[in-house]
Amino acid sequence: MTQLSKILLTATSILLSAAASAQEGKTGYQFLNVPVSAHSAALGGSNVSITEDDASLMFTNAALINNVSDNTISLGYNSYMSSSSMFSAGYIKEVGERGAWALGAQMLNYGKMDETDELGNVIGDFSAKDINIQTSFAYMLNDYWSGALTAKAIMSNYGEFSSTAIGADLSLNYFDPHRGWSISAVGRNMGGQIDALYDDGDMEKLPFNLAVGISKDFANAPIRVSVTADDLTHWSDVKGIQHLIIGADILPSKNTWVGFGFNCRRAHEMKVQEKSHWAGFNIGAGLNVKKFKIGVAYGKYHVASSSIIINAGFSL
């Protein structure tokens, strides 16, 4: 057995083991599933296979950071819902000829809320936020395969209550630039709490997500199509087709992209009186100008509001 085969076999075993354990227990920290990358969001919210010079993709698949320019900084904003907003930041640094290191952070701020007593009287206010700080190392196993490991430190703070957790992602990507194929498998959020939110509260696991994605470029057309199978460890209350996310990029030039996506599960779960109100549909666009890159995406992640995601990147 070759060294590459051993690495792939070990990675597959870890993902399957985590998938089995993720079926049981209570999960928290759902903010880890909120889209961070505008490009990934434009293609349906959780694309894991597009290969771009985009540092924000570290949050969906760290194995893709080998395609990002050295010394790249990324900043992001998501107007999630109502008074809640997500902020993100990332940095990519090359390590040798085949490695890349990334540092990222995201914070979902829920804003100010009324604090009440047991009778419902307002006695003040408090803030609430979730924070994730992560570091990733990606390595080119050969000319086509890349693997990455991500470690996460996660914190929640709701007024006087707080909790902490640790997690990990394991990512693989196969990319053949000559034929235009990119195939990825990602196990995100393996781990759990080390400090519960309440003194007598149950310890929660992270919202494990196993996703597999395929993207295909076409040499004779400025189009790239993507299909992602998301959340593959939860089948009990979700139909098979609802795991699918379908996206397409129109690439007018090397410096621009326009993306469209449809998330089957989100469209189903957010129907109101049999009307979807465009839930599940996403759209976005991006522009690269020398060392500066910007992307914007629109989508609905809650029945009551829409979200705008903005990413800006700069290579030093």
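Rolling a 1.4 Å probe over the protein heavy atoms leaves Ile123 with an accessible area of roughly 110 Å². A dipole drawn for the chain from +1 and -1 charges on Cβ atoms has a positive end, and of Tyr91, Trp257, Gly159 the residue lying farthest that way is Trp257.
Under a model in which nothing but the beta-carbon of Lys, Arg (+1) and Asp, Glu (-1) is charged, region 69-177 shows a dipole of about 280 debye around its Cα centre.
Largest mean-square fluctuation among Leu287, Leu57, Leu108, in a Gaussian network model of the chain whose springs join Cα atoms under 10 Å apart, belongs to Leu287.
Per residue, the chain reaches -3000 deg cm²/dmol at 222 nm when only DSSP H runs of four or more residues are counted, each adding -39500 (n - 2.57). Length gained on full extension, Val289 to Asp70, computed as 0.36 nm times the residue gap minus the Cα-Cα distance: 77.2 nm. Loop-located GluC sites (Glu not before Pro) in region 28-105 (DSSP state other than H, G, I, E, B) with a sparse environment of at most 15 neighbouring Cβ atoms within 10 Å: Glu97. Among the listed pairs Lys129/Lys293; Lys112/Lys205; Lys205/Lys239; Lys216/Lys239; Lys205/Lys293, those whose Cα-Cα separation exceeds 31 Å are Lys205/Lys293. In a simple Cβ point-charge model (Lys, Arg +1; Asp, Glu -1; nothing else charged), region 166-316 has a dipole of about 1000 debye relative to its Cα centre. Round to the nearest 10 and give me the degree value, 0 to 90, for the angle of helix 3-21's Cα axis relative to the longest principal axis of the chain. Helix 3-21 and the main axis of the chain meet at about 20 degrees. Could you tell me which residue out of Ala41, Ala148, Asn66 lies farthest along the dipole of the chain toward its positive end? Charges go on the beta carbon: Lys and Arg +1, Asp and Glu -1, centred on the Cα centre. After comparing all options, I get Asn66. Taking the Cα centre of region 128-194 as origin and assigning +1 to Lys and Arg Cβ atoms and -1 to Asp and Glu Cβ atoms, the resulting dipole is close to 40 debye.
The values are calculated or read from the model by the stated rules, or taken from the named source; none is laboratory data. Owing to the predicted nature of the structure, the values given are computational and were not obtained by experimental measurement. In this analysis, Cβ positions are derived from the backbone assuming ideal geometry, glycine residues included, and neighbour counts consider all displayed protein chains. Heavy atoms of the whole protein, side chains included, go into the accessibility calculation; ligands, DNA and RNA do not. Shrake-Rupley method; radii C 1.70, N 1.55, O 1.52, S 1.80 Å.
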